[in-house]
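> My questions will all concern the structure given below.
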Amino acid sequence: MYTLRQSLAQRDLLELPIIARNQGLELDDAAEGDPPTTLSEQMLQPRQVMEVWSDLPVEARQALAELARTQPGMPAPAFQRRFGELRRIGPGRLQTEQPWKTPTGPAEILWYLGWIGRGFRETPEGVLDIIAIPDDLAALLPLAEIASEAEPPLPAAQPQPAEARELGQMLLDDLGTLLAYVQNHRVWLRQGQRWRMDDLKRLAPRLRLSGIRKQPLEAGGPLHFIFFAAKRLGLLAVRQRRQQFGKALRPWLEQSRAQQMASLFTAWRQADDWNDLCLAPGLRCQEGAWRNDPVLAREALLAQLGRTPPGRWVALDEFVAMMYEHLPDFQRPDGVYDTWYIQNAAGDFLRGFEHWPAVEGRLIRYIWQGPLFWLGALALDSAGETWSLTGQGAGFLQGDVTSEDISAPILRVGADYTVVLAPHIGLWDRLRVALFAFWQASEPEYRYRITRRGLQRAARRGVSPPRVLDFLQRASGGDVPENVRKSLGAFKP
C-alpha cells in the first residue's frame, strides 16, 4: 500500500496528537521537522509496536488478521461491515465528540492508533477504496501468527450418509451419447442455433443423468451444461444451420477418459460465458451497467473446497454459513451490494447485504448441487444437503490426472447380436459401436444391437463389415459368437 509516514500524512493534523496519545507517545507541536515523520519514527520502534500489539483486544487482532490475509488491502465497505464503521468526523467535531473514546468497533480502535490507513487500488474490476496496514508497520507485526488465525475454520465433519450419490464419469458418458446422436442423425438447428424439440425428445431417453430426463430444456441444467462444454471445447460446431462435429473432436477423443473429464472441469472452471449466478434457480439477472465475474467467484469457492479432505462429509448449510461469516465478498471484490440488478422468482430486487443468503447462498448451493456434482467432483446425500469431495474432484483441483491402465475387454457380444459396453469404454470406441449398431438402453449398461441398417450406415461411412468384425474381435478379447462372425462375413452392404 504505502508507508506509515505516508498514511499519517493523509490524516488531519488534529488527529496526529490523538494517535500519539493512544500510542502512549508524545508529539511536541513546537518541535521542528515534519510531524508525520516524527510520529511514524516513534511508532515504528519494534518495542513500541509490540507494546501496542500486546494491549490490543482480540477483535482488533482479528481485524488485522483479515487485512494481513487480504494484503495489499481490503475493500472499505467490506472491512467496515465486519469491523465497524469508520465515521467521517470533521475537525470541528473531532475534539467535542472524541470518537476514539467510544469506538464503533475494532476498525476505529485501529484507526485512532494509526495502525490502518485508507487509500485506493486499481484492479481489473475498477478502482477500489481500501483499508490496509502500512507496509513498514506490517513488516514488524507477527503476521504469520495472525494470518493463520484468519484462515476460515472448516465446518465440522458429518457422519457418512446412509445413501450417497456420486456420478463419477456419467456426464462424460452422456456427452458421448450426444456425440453419437450427432454422428448418426442430421440435426438441423432452429433460430439461435437451438436444437429442435423432436431431436431433444429422441436424445433425452438415452441420457443417464436423471435431471436431464426430467427437465431436458432447463436453463443451467445438466443438458445445457453438456452442450456448453461440447461447444467450448470445440467438439461441436455449426455449419449451414446443421449441428456437426468440430475440428477439436478427433484429438480430444484420443485422450483417456480421465483426461477428458479433467478437460470438462477446466472448461467450466475457466469459462466466463457460463454464468453460474445468472443460471442459479430462482435468480434472474437484469441487464444494466454492471457485471459479475463468474471465474472470480468459482476460484474463491474452489479454494475453500480444496481445503476439505476427500471423503470428509460436510453439511452444505454449514459451508454456506462459513462463507457468510469469513468470506462473504468472494464474488464482489469491492464489497458493495447495491449495484447489481438481480431479482428473485417473485420479481423482487435483491440489493443490499441483507440479501446475501438469497444471492450468494443460492449461488453456492447451485454450484455444489449442479456443476460440481455433475462433474463427479462431489458426492451428495439423497437430499443434497451434505457433500463430500471425491477423489476425482481432488484430482481436478490439484491438476492430477491419473489414467487407468485397463486391458480388460471393453464390450461383449451376444449371440442375439447385442453389444453391451463396459463402463471403462473410451468414447472413440463408443462412437464406433454407435455407427454400426442401434441404441437399445443406457441403464444399467449401454446396450446396442447390430442390425442390417446399422451395417449399411457404417458401410456408407467407409467402415465395411470385415472391419466391424475385426473391431469386435479386438474389443471383446476374441469372444464373438460364431453366428455373429458368420453373419458379418456374409453380409453384403
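> Going through region 436-449 one residue at a time, which ones are in contact with a Leu (Cβ under 8 Å, 6 or more places away or on another chain) and either surrounded by 14 or more Cβ atoms within 10 Å (Cβ to Cβ) or among the hydroxyl-bearing types (Ser, Thr, Tyr) (or both)? I'd like the intermediate steps shown before the answer.
So in region 436-449, the residues in contact with a Leu (Cβ under 8 Å, 6 or more places away or on another chain) come out as 436, 442, 445-448.
Once the filter is applied, which keeps residues that are in contact with a Leu (Cβ under 8 Å, 6 or more places away or on another chain) and either surrounded by 14 or more Cβ atoms within 10 Å (Cβ to Cβ) or among the hydroxyl-bearing types (Ser, Thr, Tyr) (or both), region 436-449 yields 436, 442, 446, 447, 448.
> So, in region 463-486, exactly how many residues are among the small types (Gly, Ala, Ser) and in contact (Cβ under 8 Å) with a residue 40 or more places away in the chain?
3
> Here is a further query. Scan region 418-443 for residues that are in a loop (DSSP other than H, G, I, E, B) and over 31 Å from the mean Cα position of the chain (by Cα) and jot them down. Spell out the reasoning first.
As a first pass, look at region 418-443 and keep what is in a loop (DSSP other than H, G, I, E, B): 422-426, 442-443.
Correct list: 422 only.
> Given the criteria of a type in the set (Gly, Ala, Ser), more than 28 Å from residue 331 (Cβ to Cβ) and either within 36 Å of the chain's Cα centre (by Cα) or not in a helix (DSSP H, G or I) (or both), does residue 114 qualify? First the steps, then the outcome.
Values: of a type in the set (Gly, Ala, Ser): yes; more than 28 Å from residue 331 (Cβ to Cβ): yes; either within 36 Å of the chain's Cα centre (by Cα) or not in a helix (DSSP H, G or I) (or both): yes.
For residue 114, the condition - of a type in the set (Gly, Ala, Ser), more than 28 Å from residue 331 (Cβ to Cβ) and either within 36 Å of the chain's Cα centre (by Cα) or not in a helix (DSSP H, G or I) (or both) - is met.
> Looking only at region 369-381, decide whether some residue is on the phi < 0 side of the Ramachandran plot, surrounded by fewer than 21 Cβ atoms within 10 Å (Cβ to Cβ), in the same structural domain as residue 288 (by TED's automatic domain parsing) and out of contact with any helix residue (DSSP H, G or I) (no Cβ under 9 Å at 6 or more places or on another chain).
Checked region 369-381: at least one residue is on the phi < 0 side of the Ramachandran plot, surrounded by fewer than 21 Cβ atoms within 10 Å (Cβ to Cβ), in the same structural domain as residue 288 (by TED's automatic domain parsing) and out of contact with any helix residue (DSSP H, G or I) (no Cβ under 9 Å at 6 or more places or on another chain).
Conditions tested, residue by residue: (1) of a type in the set (Gly, Ala, Ser); (2) out of contact with any Asp or Glu (no Cβ under 7 Å at 6 or more places or on another chain).
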{"site": "314", "(1), (2)": "no, yes"}
{"site": "318", "(1), (2)": "no, yes"}
{"site": "336", "(1), (2)": "no, yes"}
{"site": "348", "(1), (2)": "no, yes"}
{"site": "351", "(1), (2)": "no, no"}
{"site": "382", "(1), (2)": "yes, no"}
{"site": "396", "(1), (2)": "no, yes"}
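> Could you check how many residues of region 58-89 are surrounded by fewer than 12 Cβ atoms within 10 Å (Cβ to Cβ) and either touching a residue at least 24 places away in the same chain (Cβ under 8 Å) or within 22 Å of residue 6 (Cβ to Cβ) (or both)?
Taking region 58-89 as the starting set, the residues that turn out to be surrounded by fewer than 12 Cβ atoms within 10 Å (Cβ to Cβ) are 58, 88.
From what is left, the residues that are either touching a residue at least 24 places away in the same chain (Cβ under 8 Å) or within 22 Å of residue 6 (Cβ to Cβ) (or both) are 88.
Going through region 58-89 one residue at a time, the tally reaches 1.
> Right, next: All but one of (1) in a strand (DSSP E or B); (2) in contact with a Ser or Thr (Cβ under 8 Å, 6 or more places away or on another chain) hold for residue 238; which doesn't?
(2)
> I'd like to check something: does region 466-484 contain any residue that is closer than 23 Å to residue 249 by Cα, of a type outside the set (Asp, Glu) and assigned to a loop (DSSP other than H, G, I, E, B)?
no
> May I ask you to list the residues in region 165-189 that are of a type in the set (Gly, Ala, Ser) and either outside the structural domain of residue 369 (by TED's automatic domain parsing) or assigned to a helix (DSSP H, G or I) (or both)? Outline the logic, then answer.
Kept after step one, since they are of a type in the set (Gly, Ala, Ser), are these residues of region 165-189: 168, 176, 180.
Matches in region 165-189: 176, 180.
> For the condition over 20 Å from residue 177 (Cβ atoms) and either in contact with a helix residue (DSSP H, G or I) (Cβ under 8 Å, 6 or more places away or on another chain) or assigned by TED's automatic domain parsing to the domain that holds residue 173 (or both), what is the one hit in 462, 395, 477, 454?
Numbers: 462 fails: either in contact with a helix residue (DSSP H, G or I) (Cβ under 8 Å, 6 or more places away or on another chain) or assigned by TED's automatic domain parsing to the domain that holds residue 173 (or both); 477 fails: either in contact with a helix residue (DSSP H, G or I) (Cβ under 8 Å, 6 or more places away or on another chain) or assigned by TED's automatic domain parsing to the domain that holds residue 173 (or both); 454 fails: over 20 Å from residue 177 (Cβ atoms).
Selected residue: 395, the only one of 462, 395, 477, 454 that is over 20 Å from residue 177 (Cβ atoms) and either in contact with a helix residue (DSSP H, G or I) (Cβ under 8 Å, 6 or more places away or on another chain) or assigned by TED's automatic domain parsing to the domain that holds residue 173 (or both).
> Could you tell me which residue of region 459-489 is farthest from residue 414 (Cα to Cα), considering only residues that are of a type in the set (Ser, Thr, Tyr) and in contact with a strand residue (DSSP E or B) (Cβ under 9 Å, 6 or more places away or on another chain)?
Initial filter on region 459-489 (of a type in the set (Ser, Thr, Tyr)): 464, 476, 487.
Cutting the leftovers down to in contact with a strand residue (DSSP E or B) (Cβ under 9 Å, 6 or more places away or on another chain) gives us 476, 487.
Numbers: 476: 11, 487: 13 Å.
So the residue we want is 487.
> Mind telling me which of the residues 395, 384 ends up being assigned to a loop (DSSP other than H, G, I, E, B), under 23 Å from residue 268 (Cα atoms), under 22 Å from the mean Cα position of the chain (by Cα) and not charged (D, E, K, R)?
Values: 395 fails: assigned to a loop (DSSP other than H, G, I, E, B).
The unique qualifying residue is 384.
> Looking at residue 134, is it free of Cβ contacts under 8 Å to residues at least 24 places away in the same chain, over 30 Å from residue 225 (Cα atoms) and buried (at least 17 other Cβ atoms within 10 Å of the Cβ)?
The answer is no for residue 134.
> Please find, within region 191-208, the residue that is nearest to the chain's Cα centre (by Cα) out of those that are over 17 Å from residue 236 (Cα atoms) and assigned to a helix (DSSP H, G or I).
Taking the candidates together, the pick is 204.
> If a residue must be within 14 Å of the chain's Cα centre (by Cα) and either assigned to a loop (DSSP other than H, G, I, E, B) or among the aliphatic types (A, V, I, L, M) (or both), how many such residues does region 363-381 contain?
Matching residues across region 363-381 total 9.
> Could you please tell me which pairs satisfy a Cβ distance under 6 Å, a separation of 6+ or placement on different chains, a first residue in region 261-284 that is of a type outside the set (A, V, I, L, M, F, W, C), and a second residue that is in a loop (DSSP other than H, G, I, E, B)?
282/345
> Please pick out the residue among 104, 96 that is outside any helix (DSSP H, G or I) and among the hydroxyl-bearing types (Ser, Thr, Tyr). Please lay out each step first, then the result.
Working: 96 fails: outside any helix (DSSP H, G or I).
Every option except 104 fails the conditions.
> Considering only residues that are outside any loop (DSSP other than H, G, I, E, B) and modelled with pLDDT of 90 or more, which ones fall in region 117-139? Write out each step before concluding.
Taking region 117-139 first, the residues outside any loop (DSSP other than H, G, I, E, B) are 117-123, 126-132, 135-138.
Answer for region 117-139, where residues must be outside any loop (DSSP other than H, G, I, E, B) and modelled with pLDDT of 90 or more: 117, 118, 130, 131, 132, 135, 136, 137, 138.
The values are calculated or read from the model by the stated rules, or taken from the named source; none is laboratory data. From a predicted model like this one, the values you see are computed outputs, not experimental measurements. Glycine gets a Cβ as well: all are built from the backbone with ideal geometry, and neighbour counts include every protein chain shown.
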